[in-house]
Structures are given as C-alpha cells and as structure tokens.
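Asker: Structure provided below as structure tokens; questions to follow.
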Amino acid sequence: MSKFQGLDFLRIDDLLSDEEKITRDTVRRFVDDKFMPLIDDHFEKATFPMEIIPKVGELGLFGMKLHGYGCAGTNNVQYGLACQELERGDSGLRSLMSVQSSLVMYPIHSFGSEEQKEYWLPRMAAGEKIGCFGLTEPDHGSDPAGMKTRAKKDGNGWVINGSKLWITNGDIADVAVVWARTDEGIKGFLVEKGAKGFLTFPIEKKMSLRASVTSGLTFEDVRIPESNRLPEATGLKCALMCLNEARYGISWGAIGAAMDCYDRALRYSKERIQFGKPIASFQLTQRKMVKILTEISKMQLLALHVGRLKDAGKWRHQHISMAKMNNVNEALKIARVARNMLGAYGISIEYGVIRHMCNLESLYTYEGTHDIHTLILGEDIMKISAFF
Ligand code: TGC
Ligand code: FAD
C-alpha cells in the first residue's frame, strides 16, 4: 500500500508553523515505516509491540509538551498532531503515549516532589520506564468521587487497600499513579511495581484496543513511604486535571483514526469494480466520501482551535469535553461508513477499518463517556447539573 499523503481539504496546513508540520511529518513517517508493518498481527494476537516503546522515546514523544527533565517542551498543537499520527496507526499506540505523557508524567511534573520529578521524568521520557494511571474502579467509573480505594497514614508512610480496573499499561508499568481516599480527602500516590501486596492482572478477551495492555490492579496492605505521595495532588480536581490533558490528545487521535478510514475507503472505492464500474463512480459512494471528508475537516478545525486556546491559556475544560465528545463520535460514525464501503473485506483485520471501528468504541467510553461529556456541556449551558 502506498504511503499516506495527508488529508487537508481546507488548507489547514497554512495555519500550522513549520515546527508543527515537522513534528507531524516525522511521526507520520515513523508510524508508516516502523508501526504499520506490525499492527495487524499484534491486533489479531491481542499483544502490544513492546519493541516500539524505546523508538517512541527516541522520537521525544513521551511527555513531549512538558518542560525540563529531558522532555521536549513542545506546544499543545504539536502534541495533538503527534497523537493524530499515532492513532492513524492504532489507538493502542496513541493510548500508550497519552497515558504515559498526560496521565503519568503530567501529574508527576505538576504535583510531584523535586526528587520524584528528577527520578521518573527523564526515564519516562526515554521510554525506559512505563507508567499507568489508576482512577477507575470496578464499581466507580463515571463517578470516581465514590472511589473505595483507601490510603491510611501509618507512621512515616501509607497503607493502601483497594482495586482499580480497566487500567491501560497496568501489566507493563514500572509505576502506577494511584488515586485513593484518605482521612483528608482524595490524594495521589506512586506505587512501584514489585511493592508487596500490589498485583496486576491482564484483562483478556477484548474486542477493542486489542493492541493495548489493559489491566486490573489490586492493593492489599501495600505500604509505601511518604516520599511516594504526590505532595501537591490533593483532591479529585487534580485527577480531573490530568484527564483534561489526555482528553485533549484523544480529540486529535480520533482524527487520525478517521483519516486512515477515509484513505482506505477512497483507495478501495477506486479499485473495486461492481456492475462494470469502480464503486467510486456511484453517487451513493461519492455522498459517503463527501460526508466523511466534511466531518474530518470540521474535526480538524475544532481540535486545532482548542489547541490554540490551550497554548494561549484561554481554554476551559468544557472546550476539551466538546472536542473529545464530537471528534470521537464523528470518527466512530466515519469508521462504520468506511467499513460498509469495503463490503465483506471491511470485516477483515487486513483492511484496517474494522480495527479502528472497534478501537473507537473504547474511545467513546474511556476518558469520560460520550454521555458524561454531554452532561458536562449541558451543565455549562444550563447551570444545572444533570449527573444525579
Ligand atoms: P465536581 O464536583 O464536578 O468537580 C470536583 C472539582 O473538580 C473541578 N473539576 C475540574 N477541574 C479540572 N478539570 C476538569 N475537567 C474538572 N471537572 C471538574 C470542579 O470544579 C471541582 O472543583 P472545586 O474547586 O469546586 O473542588 O466532581 P464530580 O464528582 O461531580 O464529577 C464530575 C464528573 C462526573 C464530570 C467527573 O467525575 C468525570 O469527569 N467523570 C468521568 C471519569 C473519567 O473520565 N475517567 C477517566 C479515567 S482515565 C481513562 O479513562 C484513561 S483511558 C486512557 C487511554 O488509554 O488513552
Ligand atoms: P459506567 O460509569 O458504569 O457507565 C455505564 C453507562 O452509564 C455509560 O453509558 C455511561 O455513559 C452511563 N452513565 C453513567 N453515569 C451517567 C449519568 N449520570 N447520566 C447518564 N448516563 C450515565 N480508567 C483509568 O482510570 N485508567 C486507565 O488507564 C483506563 N484505561 C481504559 C482503557 C480501556 C480500553 C477502557 C475501555 C477503559 C479504560 N479506563 C481507564 C476506564 C474508563 O475511564 C471507564 O470505563 C469510563 O470512565 C466509564 O466508566 P465505566 O466503564 O465504569 O462505565
């Protein structure tokens, strides 16, 4: 298959700086050359290509928009464009990078002690250490405020009991950022692999995000020193601040998945002959492609605008909710239409589209479900909460 040429109907490239385009093109080449040849097999076998991790580190993508401690210090638009290209490869690759960057390195950078930053950030930027983020529990997903995982002060440290579920990177992580209830409210802790009483288990039989490690974490009287508490992470608000960063990346990632579906459907429709003509020549096929292109163009503008707001410090978390909610929803619709356009071949992993379609079902649920983002925006407009 020839390489992806980009998708820019509205000349949005004119709104990007040279540096932003270089980031995008570098990640694009990396995905095409190093990742695309691996993904079908890994998706089928439900494994993650671990050999890709140091290469993502070499490219400087982990924690790329953080400053200092070996991080690249890019802007938000560069981070978004990188997420777009990684997810054009597979949502599992973007998930690896966004959990590491937005849900582990960001809280260490924002809420950690100097010692924690100096130890973890350079190693994580290089991909030598991997992290995971434990907020969701078996009985508390959309309402993390109800979490049961508990950390009790014990002399000079803490004892953690509880469990987390659906945790990306859990089984391969060297460190987990764990949110737990204490006598003084919710706090964030760093629980290292191998800590006594800390176990992880893989969640198997997934039909979505197959090329991504998803795990359960259990904590039974896990003792950690006070130096493993994130000193500035006090209250659920700090966990939600991490989610803003990851949700923003997902709003771009969804564009990448949709672009790949568009590209594959376009090629296929020109090659596939039915009734003596390429299916691209039928009006109904053209209408489908026009709708896909129009929606992708709108998604691109929305993500770019929110990125610019973020870089200018003018964003609100509701802006990110709109971008995540809209772009994931539209990408999922696009993947379904593209799957249909490929006919029976569309259900084969070899044709790529159904892989994106299945992955996008997870994006619709994780990082705040589509419903939760709808309610966040509804509350913002109405000034009335409809959560309970
Ligand atoms: P609520 O009372 O609304 O808020 C508590 C405090 O937090 C503030 N706040 C935020 N601050 C920053 N960013 C946000 N997005 C914020 N949302 C709320 C709020 O102002 C308040 O501050 P203060 O100063 O008054 O204390 O809290 P609530 O308990 O009613 O919950 C609100 C709700 C439902 C929106 C929130 O809990 C939520 O977002 N739920 C969804 C949970 C979720 O998204 N989980 C994601 C887990 S991680 C994951 O899925 C990773 S997938 C990764 C991958 O593989 O890519
Ligand atoms: P629930 O909260 O039980 O929701 C079930 C349904 O009810 C949904 O449709 C929801 O929209 C709806 N609903 C809930 N509340 C309301 C309401 N008030 N009004 C209307 N409808 C409502 N979590 C982490 O902490 N770290 C991770 O790394 C992580 N990675 C993940 C990876 C994958 C592949 C997946 C699938 C999930 C991951 N998650 C992770 C968990 C994810 O964040 C949760 O699945 C998500 O927040 C939803 O929680 P839930 O699954 O418990 O669904």
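The values are calculated or read from the model by the stated rules, or taken from the named source; none is laboratory data. Note that this is a predicted model, so its numbers are computed, not measured. Here the Cβ positions follow ideal geometry from the backbone for every residue, glycine too, while neighbour counts run over all protein chains shown.
Asker: Scan 170, 188 and give me the residue that is touching a Cys at 6+ places or on another chain (Cβ under 7 Å), more than 24 Å from residue 50 (Cβ to Cβ), surrounded by 22 or more Cβ atoms within 10 Å (Cβ to Cβ) and not hydroxyl-bearing (Ser, Thr, Tyr).
Answerer: From the options 170, 188, the qualifying one is 188.
Asker: Looking at segment 130-139, is at least one residue more than 17 Å from the chain's Cα centre (by Cα), within 11 Å of ligand 2 (Cβ to nearest atom), within 29 Å of residue 374 (Cα to Cα) and surrounded by fewer than 17 Cβ atoms within 10 Å (Cβ to Cβ)?
Answerer: Checked segment 130-139: at least one residue is more than 17 Å from the chain's Cα centre (by Cα), within 11 Å of ligand 2 (Cβ to nearest atom), within 29 Å of residue 374 (Cα to Cα) and surrounded by fewer than 17 Cβ atoms within 10 Å (Cβ to Cβ).
Asker: Quickly run through segment 1-20 and pick out the residues that are free of Cβ contacts under 8 Å to residues at least 40 places away in the same chain and outside any loop (DSSP other than H, G, I, E, B).
Answerer: Listed by number, the residues that qualify are 13, 14, 18.
Asker: Now a separate question. Mind checking which strands (runs of 3 or more DSSP E) fall wholly inside segment 192-249 and carry at least 3 residues that are within 11 Å of ligand 1 (Cβ to nearest atom), within 24 Å of the chain's Cα centre (by Cα) and of a type in the set (Gly, Ala, Ser)?
Answerer: The strands (runs of 3 or more DSSP E) meeting that bar number zero.
Asker: Scan segment 359-387 residue by residue and report those that are assigned to a loop (DSSP other than H, G, I, E, B) and near ligand 1 (Cβ under 8 Å from one of its atoms).
Answerer: If the condition is that a residue be assigned to a loop (DSSP other than H, G, I, E, B) and near ligand 1 (Cβ under 8 Å from one of its atoms), then 366, 367, 368, 369, 385, 387 are the ones that fit.
Asker: Those residues that are closer than 21 Å to residue 102 by Cβ and either outside any helix (DSSP H, G or I) or in the same structural domain as residue 74 (by TED's automatic domain parsing) (or both), I need them from segment 311-345; list them, please.
Answerer: 312, 313, 314, 315, 316
Asker: Please determine whether any residue of segment 294-317 is within 16 Å of ligand 2 (Cβ to nearest atom), surrounded by fewer than 20 Cβ atoms within 10 Å (Cβ to Cβ) and at pLDDT 95 or above.
Answerer: Checking segment 294-317: at least one residue is within 16 Å of ligand 2 (Cβ to nearest atom), surrounded by fewer than 20 Cβ atoms within 10 Å (Cβ to Cβ) and at pLDDT 95 or above.
Asker: Still on this model: Just checking: which of the helices (runs of 4 or more DSSP H) contained wholly in segment 38-105 hold 2 or more residues that are out of contact with any helix residue (DSSP H, G or I) (no Cβ under 8 Å at 6 or more places or on another chain) and in contact (Cβ under 8 Å) with a residue 60 or more places away in the chain?
Answerer: 53-58
Asker: Moving on. May I ask you to say which residue of 218, 200, 182, 234 is surrounded by fewer than 23 Cβ atoms within 10 Å (Cβ to Cβ), closer than 30 Å to residue 314 by Cα and either hydroxyl-bearing (Ser, Thr, Tyr) or at pLDDT below 95 (or both)?
Answerer: None of the others qualify; the one that does is 234.
Asker: Now for a different question. Name the pairs: first residue in segment 369-388 and free of Cβ contacts under 8 Å to residues at least 12 places away in the same chain, second residue within 11 Å of ligand 2 (Cβ to nearest atom) and in a loop (DSSP other than H, G, I, E, B), Cβ to Cβ under 6 Å, at least 6 apart or on different chains?
Answerer: Matching pairs, first to second residue: 378/386; 379/385.
Asker: Can I ask one more? Determine the pairs where a residue that is over 15 Å from residue 259 (Cβ atoms), located within segment 284-302, has a partner that is polar (S, T, N, Q) and surrounded by 13 or more Cβ atoms within 10 Å (Cβ to Cβ) with Cβ atoms under 7 Å apart, the partner being 6 or more residues away or on another chain.
Answerer: So the pair list comes out as 285/269.
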